[in-house]
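Structure, as structure tokens:
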Amino acid sequence: MNELDKKKVVEHNDLITSVAKMDKVPLKIFELAVSCIDTENPPKDNIIYLSKKELFAFFDVSDNGKHTRFKQAVEKMQKQAYFEVKEKKDKGFKFRSIVPIPTVTWNDYSDEVEIFFNPYIMPYLIELKQNFTQYALSDVMELNSKYSIILYKWLCMYYNQYDHYNAKGGRRNDQLEFYRNPSIYMQELRSLTDTVDEYKKFANFETRVLKQPIEEINAHTHFNVTYEKIKKGRTIDSIQFHIEKKKIARNENYKEEQQDEDYLKGKQQKEEQQQKLFAQAMANPYTRMLNETMLLFPQDLMNIETMANLQRFVYPLYDELKEKQGIEGVKTHMSYVSAKQELYSKSKQNISFYLKKSVTSYLESIKIKENLRSSNN
């Protein structure tokens with residue numbers, strides 16, 4: 001589980017507050033799959049690959065039992081599991097039911113499992129600029145009930161805002177206190193935990209949805225949480241939570257508050273740099289030349305990462321070739337590569353890597369010839 005310990009889950013807050021119509025195992029598989037998405041370079045065709053070893057980490061049974069439980073979990077995920085997402089719009093709310101992972105593909109002779117995300121779930125998982133929550137996958141993996149996972153994510157959503165605004169400013173003290181001590185009406189809590197028609201007696205609800213999940217959260221995550229019941233007359237009107245973050249050694253996988261700040265800062269800087277390189281690439285004459293020689297296609301021109309990589313890694317090599325053989329030498333090289341280019345799989349090797357490899361090899365051959373001529377002279 002060492003690799004899993006390092007993973008983070010990032011989801012839009014509308015997904016955090018949605019109703020998860022599934023039990024803990026499909027929910028955990030979904031969280032694991034989300035943690036494997038590179039948010040800065042989203043998977044093409046909405047497909048990611050996991051190992052069976054990672055997935056089977058959920059199933060505390062014999063090896064044969066793991067295969068059976070995995071198959072059952074996948075069947076549930078496709079036939080029964082979905083999110084009820086509620087989005088605030090100008091005139092009210094918009095509701096959407098989404099089956100998050102409609103297709104899972106695997107076989108009995110390899111370790112790889114292919115997971116296909118529903119395109120409708122992707123906006124809640126990638127290119128998130130605001131209103132998102134990040135948390136450690138390892139925290140979720142240690143929780144043993146659906147309610148623990150749902151509550152933990154909801155608590156993270158609020159405490160992360162407290163962390164951010166407490167460090168950066170921009171919120172009043174009373175707002176900060178609310179983020180650290182959030183409250184929720186009972187009706188909303190029942191909706192969030194999908195218990196509107198379950199545990200009608202509050203004592204049963206409190207045991208299953210509050211007490212036991214909070215004990216798990218306190219035992220297995222980086223939060224210490226308590227709660228109090230707020231009454232309106234004789235009725236429990238709402239629940240107020242009080243969240244504290246455990247002090248964690250700096251050499252552990254959790255990196256305290258700074259980890260989240262570093263992540264956001266690094267992500268912003270990378271995006272700004274990518275946009276700058278993309279703009280330079282689109283204005284670079286080499287881009288037009290590659291397009292004319294059919295080495296670049298419309299989908300490549302629209303891919304920010306591809307174009308940024310060309311500007312950063314490939315075009316400087318074309319400049320070097322231009323110095324040696326002039327612009328016609330660059331054109332000749334591109335035409336040769338276009339005519340002779342090998343088939344390649346874009347899932348493993350993109351066009352920028354392919355072109356870099358081609359021009360690097362060509363420059364090396366030029367240097368060898370130059371050295372031979374020098375030695376002969």
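The values are calculated or read from the model by the stated rules, or taken from the named source; none is laboratory data. Computed from a predicted model, the values in this text were never measured in an experiment. Every residue, glycine as well, gets a Cβ built from its backbone with ideal geometry; the counts of neighbours run over all protein chains shown. Just so you know, the surface numbers come from the protein's heavy atoms only, side chains and all, with ligands and any DNA or RNA stripped out. Shrake-Rupley method; radii C 1.70, N 1.55, O 1.52, S 1.80 Å.
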- [ ] First compute the accessible area of the chain with a 1.4 Å probe, then give the percent of it belonging to carbon and sulfur atoms.
- [x] 47
Open item on the list: Compute, for the chain, the length of the dipole vector about the Cα centre, with Cβ point charges of +1 (Lys, Arg) and -1 (Asp, Glu) only. Units Debye, rounded to 20.
Closed with: 520
Task: Per-peptide average of other Cβ atoms within 10 Å, ordering 97-105, 233-241, 202-210 highest first - done: 97-105, 202-210, 233-241
Task: Which listed pairs, of K21/K94; K7/K44; K146/K247; K8/K200; K76/K153, have C-alpha distances above 24 Å, in listed order - done: K146/K247; K8/K200
Open item on the list: Would any residue of the stretch 169-187 have its amide N under 12 Å from a label point 7 Å out along Cα→Cβ of E215? List them or say none.
Closed with: none
Open item on the list: For the stretch 65-176, what does the relative contact order come out to in percent, with C-alpha contacts under 8 Å and a separation of six or more?
Closed with: 13
- [ ] Give me the distance in nm between label points sitting 7 Å out from Cα along the Cα-to-Cβ direction at T332 and K369, one decimal.
- [x] 0.7
Task: Against the rule of thumb 2.2 N^0.38 Å, how large the Cα Rg of the stretch 39-170 comes out - done: 1.24
- [ ] Would you kindly compute the Cα radius of gyration of the chain and its largest Cα-Cα separation (Dmax), both in Å?
- [x] 26.2, 102
- [ ] Taking only protein heavy atoms into account and a 1.4 Å probe, give the accessible area per residue of the stretch 33-127 in Å².
- [x] 60
Task: Cα-only radius of gyration and Dmax that characterise the stretch 114-241, units Å - done: 16.1, 53
Open item on the list: Tell me whether the stretch 113-162 comes out rounded, prolate or oblate; compute the Cα gyration tensor, take square roots of the eigenvalues as a ≥ b ≥ c, and use a/c under 1.5 as the rounded threshold.
Closed with: oblate
TODO: Subtract the Cα-Cα distance of K79 and K91 from 0.36 nm times their separation in residues, and report this length gain in nm to one decimal.
DONE: 1.1 nm
Task: Rounded accessible area of E142 (nearest 10 Å², 1.4 Å probe) - done: 90
TODO: Could you order peptides 143-154, 7-18, 317-328 by the average number of other Cβ atoms within 10 Å of their residues, highest first?
DONE: 143-154, 7-18, 317-328
Task: Reach of K357 by Cα under 18 Å, taken over aspartates and glutamates that are not fewer than 8 positions away in the same chain - done: D300, E305, D319, E320, E342
Task: Farthest toward positive dipole pole in the chain [+1 Lys/Arg, -1 Asp/Glu at C-beta], among N160, T193, L321 - done: T193
Task: Positive-end residue, the chain charge dipole about Cα centroid, Cβ charges, pick of Q175, S35, I98 - done: Q175
- [ ] Have a look at S138, I351, L125 and report the one farthest towards the positive end of the charge dipole of the chain, computed about the Cα centre with Cβ charges (Lys/Arg +1, Asp/Glu -1).
- [x] L125
Open item on the list: Run the helix sum for the chain: -39,500 (n - 2.57) per DSSP H stretch of 4+ residues, divided by residue count, reported at 222 nm to the nearest 500 deg cm²/dmol.
Closed with: -16000 deg cm²/dmol
Task: Normalised contact order of the chain, rounded percent, pairs of Cα under 8 Å and 6 or more residues apart - done: 14
Task: Relative counts (whole %) of C-alpha pair distances in the stretch 12-91, using bins that are 5 Å wide - done: 3, 13, 20, 21, 20, 13, 7, 2, 1, 1, 0
